[in-house]
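Readers should treat all values here as calculations from the given coordinates under stated rules, not as data from a laboratory. Just so we're clear, the structure is a prediction, and the values are computed from it rather than from any experiment. FYI the Cβ positions are ideal-geometry reconstructions off the backbone, even for glycines, and counts take in every protein chain you see.
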Amino acid sequence: MDRMRAVVQRVNGASVVVDGETVGEIVGQGLCVLVGVTHDDTPEKAAQLARKLWSVRILEGEKSCSDLAAPLLVISQFTLYGDARKGRRPTWNAAAPGEVAEPLVDEVVARLRELGAHVETGRFGADMKVTLTNDGPFTVIVEV
């Protein structure tokens, strides 16, 4: 069984640009989170991921976003479920289709905001240009 997956990067600023327009940006210390959704993910898993993202202690001084009121930039990323074990071209079979994935990524964002987080986002399905300064560098994978 696959799990809802996030690649979490500790950043000192990050932004997302779509068609020349900045659609999401965080300034200073925070997290840039790439969220992947698979077929059997649920709103409950989205809520669990949000709680984990809000409380994971990976910011400077072993602090969490909740400790520091640090912002998060959350970006949908179906390619997290790419499988390149065979051949030279990845398959995306494990990634949920947009009509399943988009509401679950939105649920992660909504639950984070309910917890008190300042959350910026990308634009689902768009060609996004993501810029960030990875602080450390520090990157972890979180699965629920």
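General observations
- Applying a DSSP loop filter and a limit of 14 other Cβ atoms within 10 Å to the GluC sites (Glu not before Pro) in the stretch 42-144 leaves 60, 62.
- Rounded to the nearest 5, the antiparallel percentage of DSSP beta bridges internal to the stretch 33-144 is 35%.
- Taking amide H atoms as placed 1.01 Å from N in the peptide plane, the amide H of residue 74 lies under 5 Å from those of 33, 120, 121, 122, each 5 or more residues away in sequence or on another chain.
- Estimated inter-spin distance, residue 124 and residue 139, nm [label 7 Å along Cα→Cβ]: 2.5
- A crude spin-label estimate for the pair residue 131 and residue 79, with each label 7 Å from Cα along the Cβ direction, gives 1.9 nm.
- Over all pairs of different C-alpha atoms in the stretch 5-143, the reciprocal of the mean inverse distance, the Kirkwood hydrodynamic radius, equals 15.1 Å.
- Segment residue 91-residue 7, extension gain: residue separation times 0.36 nm, minus the distance between their alpha carbons: 28.3 nm
- Estimated vicinal HN-Hα couplings, Hz - the stretch 56-70 in sequence order (Karplus 6.51, -1.76, 1.60; Gly, Pro = x): 5, 9, 10, 7, 3, x, 6, 9, 10, 4, 5, 5, 10, 6, 7
- Calculated from backbone phi, Karplus (6.51, -1.76, 1.60) coupling profile of the stretch 127-141 in Hz, x at Gly/Pro: 7, 9, 10, 9, 10, 8, 10, 6, 8, x, x, 9, 9, 9, 9
- A full extension of the chain between residue 40 and residue 113 corresponds to an added length of 23.9 nm, given 0.36 nm per residue minus the alpha carbon distance.
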